[in-house]
Structure formats: C-alpha cells, structure tokens
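Input: a single structure, listed below in structure tokens.
The values are calculated or read from the model by the stated rules, or taken from the named source; none is laboratory data. Since the model is a prediction, treat every value here as computed from it, not as a measurement. Every residue, glycine as well, gets a Cβ built from its backbone with ideal geometry; the counts of neighbours run over all protein chains shown. In case anyone asks, the SASA skips ligands and DNA or RNA and just uses the protein heavy atoms, side chains included. Shrake-Rupley method; radii C 1.70, N 1.55, O 1.52, S 1.80 Å.
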Amino acid sequence: MRHTISLSLALAAFWLLNSGYYTPLILGLGLISIITVVYIVHRMDVVDHESQPLGLSGKILFYYVWLGKEIILTNIDVVKKIWLGKGAISPTLTTINISQKTDMGKVIYANSITLTPGTVTVNLVADQITVHALMAENIQPLEAGEMDRRVSRLESKC
Amino acid sequence: MLIAATIAILVVMALTIVRGCMGPTLYDRILAVNMFGTKTVLLISLLGFVMGRPEFLDIAIVYALINFISVIGVLRFSDSFGFKPPHQDKASGEKGS
Amino acid sequence: MMDIALNISSAICLFLGSFLCLSGGVGIIRFPDFYTRMHAAGVTDTLAASMILIGLMLQNPDAIVISKLVMILLMTLFISPTTSHAMAKAAMNSGLLPLLDKKENKDGVKSS
C-alpha cells in the first residue's frame, strides 16, 4: 500500500510539473490518467520495493553528491585523454568482485560504474562484474573499493 | 552564448553522423545514433530558449524517452537470429547494417 | 546586479558544456575501437548535458521551465548508463573483442 501511495504521489507531481494549467478540467483528466496508470501497473504486478525504493530515498542524496564529484573528476580526466590522443589511452578489461548482496545494491553499483566516464560495466554475473576501462589507472579506485563500500552502506537501508 | 552553444551542438551532431557513416562495426553505428539522439534533446532545449518558446522542452522530454526505447529496441533486435553478420570483425561488420 | 551574475554564470556553464560536447565529438572520431568510443560518448551524456541544462536553468526564472529542465537532466542521467551497458553487453555477446593495451597482454593481466 505504501508503494502504491508513493507511486500515485510521484505521478501527480509529474503531471502537475509538466502541465502548468490548473483548471478543473485538466486536473480531472490528470486524476483519470493517474488512476488508469496505477491500475495498469497493479495488473502488471510491478509495484514493490524495487520500483519504489522508499527506504533508500533519504540516504541516497549524499551518495549522489559524492557520485557527482566523482563524475566531474573522471570527466576532466577523460577529456584530457581525448585531446592527448591515441597514445595516452590503455584500454583494459578486468573482472572485479563486488560485496553487495541484494539485486538493488548490485544494480546501483554497476550503474555508478557506468555513469562515471572511463569505466563501463560490460557484464554482471552473480558477484563478479566485468569492467572495461579507458585507462589502466581507472581500475585502481574500483579495486580499492571506495565506491563499493559506499554502495554497501546504502544497501543496508533498502 | 546560446547561439554559440547551438552551433557547437550542431558541429558535434555532424561529427556523430561522420562516425555513423564510417563506423566499421554495427555497434559503432548504434552508438552514433544514440549519441545523435541525446544531442538532439539538448539541441531542442537550446532552440526553445533561442526562439523564446520554452514549450519546446516538452518535445525534448518525449524525444529523450523515444530515443532510449528505440535504441534498446534495436539492441534487443540485434541479438536475434539473422540480424547479426556471420562473423563480427573489423572488416566484415559493414554487412550488418 | 543579480541578473548580470546569473547571465555570466549561465554563459560559463554553456561554454563548458559546449566544450565538453565538442571534446566528446572529437573523441568519438579519434578513438580506435567501439569500447573506447563508448567512453567518449559517456562524457557528452553526463557532464556536458548537465552543464548545458544547468546553464539553461540559470537563464529562466520560471518554475515550470526549471522543473522541466530538471526532469530532462534526471532522465538523461538515468538513461545514459542503461544504454551504455546494453550496448556494451550486446557488443560483447556478439563477439566483438575490445582492443586491449599491448603491455597488459604481455604481462598476462588480461582476463576473459
């Protein structure tokens, strides 16, 4: 039930922010749309803790701030390598172990790796992920496990 | 500055098309198409501001979603039998597109 | 005074975004193989898009416009890693091997 309410609130916010017209007719149409969507989603049986990770929402903001800082730093690095040309890059493909237990934690970790330029998650099987990196140095922070630890700390919340 | 940014995006789109035409493998072309789509989203938002019509942002949102779904669809389709070139290496990737 | 500061910061953001976009475009031409080009495309999807959209946000005080720009930004940031991962995985499954560094191969560090 909690998840249904949060989904309806999210849809209502989406409608109100996108429409910009607050007349009764438009708001009524919005209400009908929200009810239809919630009904369809219920029939598809996808309203659960995975599509609405409520426990996560508080703590993940700090993680996003940290991730944003990482994204800016790696971006500068990659742009430097682009202008230096072919000689500067050393593409590598490695497999590293991850410590997350839940699917949600694994997906957050893999997506964070892909979101930082310079590293892309190619495959995720059980508790190992294959990472393609633009430079060999890019692997080292991942093996050191700073991001891994932060995601694991997030995971305990969900 | 808005005009300059628009021109920069257009240049990037041209570069992307060059890669899409050159791209040795099928996946290079898909990458180029995806990047072209994300740049189009930025271009539409910028054009909305250049022309003073912020309603263009709605189109940009829809374009972002459609671009995502179409790329995922093409990738899903490229897994299926018969779409793949017989042996994928640098030279023979051309046939796949 | 406030207007001038906003305009200047918006211009700086737009300039940085355009520069990063151009870098990504050059990278997609210059890099040697598909997997490395994907990293160049990642630059234009993350920081370049954020910079341009933040620059646009600073131009317009209207709440609806800002909320729409934030929505576009969030969508870009959520969609881009998914697409990159899907492309990398599809390419790997179809047997497209990445171009690896020579030194790594010799040391035997290379895996799978």
Defining a contact as two alpha carbons under 8 Å apart and six or more residues distant in sequence, what relative contact order in percent does the stretch A:60-155 show?
32
Working with all protein chains in place, sort A:Asp77, A:Asp103, C:Asp45 by solvent-accessible area computed with a 1.4 Å probe, largest first.
A:Asp103, A:Asp77, C:Asp45
Pseudo-spin-label distance A:Thr4 to B:Val50, built 7 Å along Cα→Cβ, given in nm, is 4.9
Rounded to whole Å², per residue accessible area for the stretch A:60-155 with a 1.4 Å probe reads 44
List the accessible area buried at the contact between C and B, summed over both sides and calculated with a 1.4 Å probe, in Å² to the nearest 100.
3600
Taking the convex hull of the Cα atoms, report for chain A its projected area averaged over all directions, in nm².
12.2
For helix A:103-115, what angle does its Cα long axis make with the longest principal axis of chain A, in degrees from 0 to 90 and rounded to 10?
60
Among the stretch C:8-33, those whose backbone N falls under 20 Å of a label point 7 Å along Cα→Cβ from B:Ala4 are C:8-26
Quickly estimate the mean residue ellipticity at 222 nm for the protein assembly as shown, helices only: each DSSP H run with n ≥ 4 gives -39500 (n - 2.57), and the total goes over all residues, rounded to 500.
-23000 deg cm²/dmol
Cα-based count: Lys pairs in chain C below 25 Å, eight or more positions apart or different chains?
4
Could you tell me the relative contact order of chain C? Use alpha-carbon pairs under 8 Å, at least six residues apart, and round to a whole percent.
28
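Report the full-extension gain for the segment A:Ile32 to A:Glu50: residue separation times 0.36 nm, less the Cα-Cα distance, to one decimal in nm.
4.0 nm
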Kindly state, to the nearest 0.05, the FRET efficiency for C:Leu97 paired with B:Phe77, given R0 = 22 Å and r defined as their beta-carbon distance.
0.50
Surface accessible to a 1.4 Å probe, per residue, for the residues of the stretch C:2-95, Å²:
34
How far is helix A:24-44 tilted, in degrees, relative to the longest principal axis of the Cα atoms in chain A, given as a value from 0 to 90 rounded to the nearest 10?
60
With an 8 Å cut-off on Cα pairs and a minimum separation of 6 or more residues, tell me the relative contact order of the stretch A:1-101 in percent.
30
Which length gain, in nm to one decimal place, applies between A:Tyr22 and A:Gln140 when the Cα-Cα distance is subtracted from 0.36 nm times their residue separation?
37.2 nm
Viscosity 1.002 mPa s, temperature 20 °C: Stokes-Einstein D of chain C from its Kirkwood Cα radius, in µm² per second?
131
Using a Förster distance of 22 Å, the FRET efficiency for C:Ile12-C:Leu74 (Cβ separation, nearest 0.05)
0.45
